[in-house]
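K.L.:
Below you will find the structure I want to go over with you.
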Amino acid sequence: MRNAEFETEIKNGVINLLKEYLNAKKAKVIILDNDSKSDKDFIFRTVNNPVHLDSSTSFLSREEANER
């Protein structure tokens, strides 16, 4: 199996393939839609809007985190 990656627009629900793939028998399609409701998803927001910590941020030590 040969893998290829390319970007294309979806027009009226139709994905246009490059000429070299027109005779392909199978395809795996992954839709990346920035306009979807997944914007509310925590992981999506975190990955696309990372928060950079400054030097005033402190973390618990291993002992503090495991205290009961």
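K.L.:
Does Asn3 satisfy the criteria of being at pLDDT 85 or above, of a type outside the set (A, V, I, L, M, F, W, C), surrounded by fewer than 10 Cβ atoms within 10 Å (Cβ to Cβ) and in a loop (DSSP other than H, G, I, E, B)? Give the derivation first.
P.N.:
Values: at pLDDT 85 or above: no; of a type outside the set (A, V, I, L, M, F, W, C): yes; surrounded by fewer than 10 Cβ atoms within 10 Å (Cβ to Cβ): yes; in a loop (DSSP other than H, G, I, E, B): yes.
Answer is no for this residue.
K.L.:
Condition (residue is modelled with pLDDT under 80 and outside any loop (DSSP other than H, G, I, E, B)) applied to region 31-38: is it met by at least one residue?
P.N.:
Yes, region 31-38 contains at least one residue that is modelled with pLDDT under 80 and outside any loop (DSSP other than H, G, I, E, B).
The values are calculated or read from the model by the stated rules, or taken from the named source; none is laboratory data. It should be emphasised that the depicted structure is a prediction, and the values quoted were computed from it without experimental measurement. Cβ atoms come from the backbone with ideal geometry, glycine included; neighbour counts cover every protein chain shown.
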